[in-house]
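Working notes for the structure below.
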Amino acid sequence: MIHKTLYSRRGFLSLLGVGTASTLAGCASTAPGPGDTMITYREGGSVRRPAILPGSSPELDQMYGTVVDGGFVIPAIPYQQINPRYYRQRVLDPTGERPGTVVVDTPSRFLYLVEPGGSAMRYGVGIGREGFAWSGEGVIQWRQKWPKWTPPNDMIARQPELAKYSADNGGMPPGLTNPLGARALYIFQNGQDTLYRLHGSPEWNSIGKAVSSGCVRLMNQDIIDLYERVPQKARVVVWQ
């Protein structure tokens, strides 16, 4: 009954379909896939209209401005160039999950952190391109600020230039160009690392698109916010 309700809600919220799942992920960018359509909608309603990019606002300047964190200076995001539907915002919870659950609505490119009282924090995300996406349920077993990035062997086989960042070579050090960004939340399933992450990204223009090798990426300013809010050992539900 739980799964039937879950997928019914997923079908209502989804705007388009995506491809099948892969078993491994490296969380790095690849050539852009089909992006999301420039459409916004009114929360709780069915009105749809073309998105109009806004001008500057003090609230968004603060939300997506320059951040000094962990010895790194994260650049401000030119949020005017991003579809406003992907800005961080509190919304009515559309998932029906218990508070503290993280829900990734892959087709709609949203991540929800369910809150008490019927609300949720919603973030825009980038997802894995067709053939590299993942769905299911898991637990955020491990959390890391400014993580190293270690591409898996199958990614190195496809992109030999990444061999210098292999596990044997110690991975890529933390930093502004690291594909995992400022924070990483590691998804485990049945006690095993899925190799999928919720993580930051310096590539703000990938939000709302299917371009990565499987992981769920957020703007660095948003992953920092999520990291501080998400409970320890939070349940993760990823809708495909």
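A short reminder: the numbers here are calculations on the coordinates, not readings from a lab. Remember, predicted model here, so these are calculated numbers, not experimental data. Cβ placement follows ideal geometry from the backbone for every residue including glycine, while neighbour counts extend to all protein chains displayed.
Condition check ((1) in contact with a Pro (Cβ under 9 Å, 6 or more places away or on another chain); (2) crowded, with 16+ Cβ neighbours inside 10 Å) across all residues:
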{"site": "A76", "(1), (2)": "no, no"}
{"site": "Q89", "(1), (2)": "no, no"}
{"site": "L92", "(1), (2)": "no, no"}
{"site": "V104", "(1), (2)": "no, yes"}
{"site": "Y112", "(1), (2)": "yes, yes"}
{"site": "P116", "(1), (2)": "yes, no"}
In the stretch 118-135, residue surrounded by the fewest Cβ atoms within 10 Å (Cβ to Cβ) [restricted to those that are within 15 Å of the chain's Cα centre (by Cα) and not hydrophobic (A, V, I, L, M, F, W, C)]: S135
Selection from the stretch 90-137 of residues that are in a helix (DSSP H, G or I) and without any contact (Cβ under 8 Å) to a residue 24 or more places away in the chain: P116, G117
Residues that are among the small types (G, A, S) and either farther than 19 Å from M219 by Cβ or out of contact with any Pro (no Cβ under 7 Å at 6 or more places or on another chain) (or both), drawn from the stretch 160-200: A163, S166, A167, G170, G171, G175, A182, G191, G200
Considering residues that are farther than 13 Å from I223 by Cβ and either in a loop (DSSP other than H, G, I, E, B) or small (G, A, S) (or both), the number found within the stretch 57-78 is 7
Here the residues within the stretch 139-165 that are in contact (Cβ under 8 Å) with a residue 24 or more places away in the chain, surrounded by fewer than 22 Cβ atoms within 10 Å (Cβ to Cβ), closer than 28 Å to G70 by Cα and not aromatic (F, W, Y) are V139, I140, Q141, R143, Q144, K145, K148, P152, L162
Candidate set: the stretch 79-89, residues that are under 13 Å from G124 (Cα atoms) and in a helix (DSSP H, G or I); chosen: the one nearest to the chain's Cα centre (by Cα): Y86
